[in-house]
Structures are given as C-alpha cells and as structure tokens.
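For reference, the structure is listed below as structure tokens.
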Amino acid sequence: MAFSIIGIRSVEADLSHASVVHGGEWFSAMIPESLERLESLAETFQAELGYDAVLKYEVGYPKMDSESGIFATDDPAVVLVDGSVFNLVKVDVSRTLVDIYIQNGPEFLCVRSEELDDAIPETGCRIRLWLMGLKMYPTFT
C-alpha cells in the first residue's frame, strides 16, 4: 500500500504540511520537500517515516494486525501508530532499537528504547505509539 497526499495545508521553505491518506485513514504529516518537488511526486508513493517525539506508548493489548495503522488524533500534530514489535536490535547495554510493523500498510517504524522510558517490549506484542510531528520522506520515481 502507498501514501497519497490529499492536500497541502501550508509550506514553509522546504517543509510542507500535508494531509495524507494511507490504508484508508487520513492524518497530518510534515514532508521535508518544497511544494514544487511534491508536485512531481506520483499520485501514490512509498515513504520512510520519522517523527519528532514519542509522547506516549501502550503495550499489552491483544495483537490484532487488522487494527494496525496510522491514525489521526484530535491534535493535528499528533498521530497514533498501532502495530506490533517486529524486531529488537541491541545497540549497547543501555540502548535498543525497536522495529514496529504496521500490518495495514505495510510499513515499518523504528523507535529507541529511551523513547519508551527504557522499557523493551517483547517481540510480537502489540504496541500503540502517540507520535508528535510525523515526517514522511517520499521515494521519488
């Protein structure tokens, strides 16, 4: 599945604030590209994901890949990501990278254990993340 831009809300230099659709859900994202560059983007496109901060996270819900995805919240600067822990990569004794798999996409997102209060969730468990400042880095073809 791919992303589609359904509207550009504002542009500041080379940072576009856009309304995006993915997996039937719409949400807001920042795309660090100029409006001119975005106009050359295909109607649907693949993108890497980034973010400014993890505001909150929850684990322990029953795993339901059919409910995974990226969802808008009441705050346009915050999205909810619902997925499952796919892989853990230990960087050193105090840091681990947590790969999150979003079945409805499919997409991957990586967070650092320190963003999860140094908690390390189990591989395969469901995780919900509230992310501030979702960024998309499109693949141009």
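Tell me whether the range 28-48 contains one or more residues that are touching a Ser or Thr at 6+ places or on another chain (Cβ under 7 Å) and acidic (Asp, Glu).
yes
Among the residues of the range 1-17, which ones are part of a strand (DSSP E or B), in contact (Cβ under 8 Å) with a residue 24 or more places away in the chain and of a type outside the set (Phe, Trp, Tyr)?
Matches in the range 1-17: 4, 5, 8, 11.
Looking for something in a strand (DSSP E or B) and without any contact (Cβ under 8 Å) to a residue 60 or more places away in the chain - is there at least one such residue anywhere in the range 60-70?
yes
Can you name the number of the only condition in (1) in a loop (DSSP other than H, G, I, E, B); (2) in contact (Cβ under 8 Å) with a residue 60 or more places away in the chain that residue 28 fails?
Of (1) in a loop (DSSP other than H, G, I, E, B); (2) in contact (Cβ under 8 Å) with a residue 60 or more places away in the chain, only one is false for residue 28: (1).
Applying the selection to the range 109-120, what residues are without any contact (Cβ under 8 Å) to a residue 24 or more places away in the chain and either within 30 Å of residue 40 (Cα to Cα) or crowded, with 18+ Cβ neighbours inside 10 Å (or both)?
110, 113
Quickly run through the range 121-138 and pick out the residues that are surrounded by 13 or more Cβ atoms within 10 Å (Cβ to Cβ) and assigned to a loop (DSSP other than H, G, I, E, B).
121, 125, 133, 134, listed by residue number.
Which is in contact (Cβ under 8 Å) with a residue 12 or more places away in the chain and assigned to a strand (DSSP E or B), of 41, 88?
Exactly one residue qualifies, and that residue is 88.
The numbers here are math on the coordinates, done by the rules we state, and not lab data. Bear in mind the structure is a predicted one, so any value in this text is a computation, not a measurement. Note: ideal-geometry Cβ built from the backbone for every residue, glycine included; neighbour counts use all protein chains shown.
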